[in-house]
Amino acid sequence: DWESTIRVEVNIATGLAWLKLPSLNPGSVIEFSRGAQRITLFERELGADRWIASSQGETVPLSKSAMPVSEMAFRIGDIAPEEAQRFVLIEQPTNVIYTADLWRGDAFQASSQNRLRLRIFLLGFCGAMIAFNLIVSFVTRRAIFALNAAMIASLIPMGFVIEGTGAFLFWPESPELTRPVLIVSRAGSALFSALFITGLLENGRLPNWLLNTARAFGLAICLGFLSVLITGSATTYILMILGSGAMMLAHFGLIVAAILRGDRQALLYLIPTGVLFIGLSFRWATMLFSIDEPFLRYHTLELTLAFEALAFSLILANRIRTYASQAAQARAELSEVKLAGAERFATMQDNYRASVAGALHDSVGQSLAMVSGQLQHMAERYQERDDDMKERLDHARAALADAVHETRGISHDLHPARLEHLGLKQCLVDLVQDVNQSHEIVIEGQCEFDDSQLAPDQAMQIYRIAQEGISNIARHSCATSGQLSLVIAGRKARFRLGDNGVGLPRNIRTDAAEGIGLFSMRQRAILLGTHLQIDSADSAGLILSFELDLEQ
């Protein structure tokens, strides 16, 4: 039955407001919807000299609990309505609209219990979202999750103060902290929301200068709020509140602009951003227009914040899943490119070797054979005439025979046709024997497999790797011994080639600095569907190895 507006005497200089209450029934509860530094109820009987003072809610059950429902509530004393005088003193009422709810005692108790349970659930949920975002940020090394956690954390104290529970929850003995906490909370929410929204839209369709402008705007609002702590300027405070609203609209506009530019992912950002904007706007509307719905006044911000925390967290989780899918696809495409490159390299190398082998056999080999025939003819011609000439021709024929033999060996190495006839196992044995006979090195061979276990292309690539590796040992390792093994057990083939030489120099132990020989072996290992493992240390030899799954 109260009037919609009651005159309140306000002293702007001291920040005090005196509200004269109408007649109230004993035992009823009056509750204010907003927090302040302090609210005090004064009661006395007509004609009495002494006032009875109740400091913000001390007479109401649950008002001093760890998770209070509302500290700005007072139980009316047992004074008859027509014989009572009651005033409420509100400290720090400037630019704030208060709504007072009058309850029956039992109804307030029931409502308080229900609101307490809901508030515990919603705040616990927001806390869980903060922890979730921090953990994901640590695991994924992505700052966007930490910014979301910071934004949620900065909005919670503001909600506590606006809903009227902050003072008793965190600073019950120092109500003067309410205003600084509210200002810092507004400052943090302005900064972190700007960084979070622009972080979501980064690497999208919006230009960087626009995102940087939004970040600068958020920083300016944050610094403006913090300056109020020093100057105490009410004008600056009001301007920063208006700036916060403008910034929220600007963020909404950025998301819409990103959508119009073709960023489909930004469509999801409209939902939590719109809900946050609507929730905050509705909360202000309930105060400005004194909407008579306590539940909405008490829990609008908490419900809005909980939904925002959940929605943005799910969006970020989906974003990470999308990025992971894109990264997996990129890795698959990279593997295909590597495989195609390895195939081209091996084909080009084999074709070049076949071409050189053919040239050696058909051109150089034939030329050497012709020269050998001519020397034979000359030797027969000068056999009885000149012993010195005969001796020189014999030396030349012997050297030429060696050259022909080496040319044939090189030709066979470049294009090992005998691999098709003899098989990989015998070719590896011959390869080891050739090196042992032509160099001062002893390489032990271990071949425990059957040629039928390997496809022709697999045999070719393994032979090329062994051939290149043994050639490197003979030419560069300064080794005295080595080991070559190819063992097939079940469906696994294990290759190992090692020596006791000088190992690889430090400057060529990376893929980028290695020579053509190691690069060739790596490419052929890729063609086999495996990875060539190279282990080396100074003066500790070199080990080449790989494991091949024959079921692939």
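The values are calculated or read from the model by the stated rules, or taken from the named source; none is laboratory data. Because the structure is predicted, anything quoted here is derived from the model rather than measured. Every residue, glycine as well, gets a Cβ built from its backbone with ideal geometry; the counts of neighbours run over all protein chains shown. These accessible areas exclude ligands, DNA and RNA; they are computed on the full protein's heavy atoms, side chains included. Shrake-Rupley method; radii C 1.70, N 1.55, O 1.52, S 1.80 Å.
Within region 460-479, residues that are over 17 Å from Arg496 (Cβ atoms) reach partners that are outside any helix (DSSP H, G or I) with beta carbons closer than 7 Å, at six or more positions or on different chains, in the pairs Ala474/His439; Ala474/Ile441; Cys478/Gly501; Cys478/Val502. Residues in region 526-546 that are part of a loop (DSSP other than H, G, I, E, B) and modelled with pLDDT of 80 or more: Leu528, Gly529, Thr530, His531, Leu532. Taking Pro157 as the residue in question, decide whether it is open to solvent by 10 Å² or more (accessible area, probe 1.4 Å), farther than 24 Å from Phe132 by Cβ, modelled with pLDDT of 75 or more and of a type outside the set (Lys, Arg). So Pro157 fails the test. Do the conditions hold for Met240, that is, is it in contact with a helix residue (DSSP H, G or I) (Cβ under 7 Å, 6 or more places away or on another chain), of a type outside the set (Gly, Ala, Ser) and farther than 17 Å from Pro180 by Cβ? Criteria not met by Met240.
Looking across region 98-127 at every residue that is open to solvent by 50 Å² or more (accessible area, probe 1.4 Å) and free of Cβ contacts under 8 Å to residues at least 12 places away in the same chain, the one that is nearest to Leu24 (Cα to Cα) is identified as Asp106. Of the residues screened, Phe196 is not one that is out of contact with any Leu (no Cβ under 7 Å at 6 or more places or on another chain) and part of a helix (DSSP H, G or I). Just one residue in the set Ile39, Ile76 is modelled with pLDDT of 85 or more and of a type in the set (Val, Ile, Thr); that residue is Ile76. Filtered by the rule that a residue be under 24 Å from Ala220 (Cβ atoms) and buried (at least 19 other Cβ atoms within 10 Å of the Cβ), region 244-266 gives Ser244, Met247, Met248, His251, Leu254, Ile255, Ala258.
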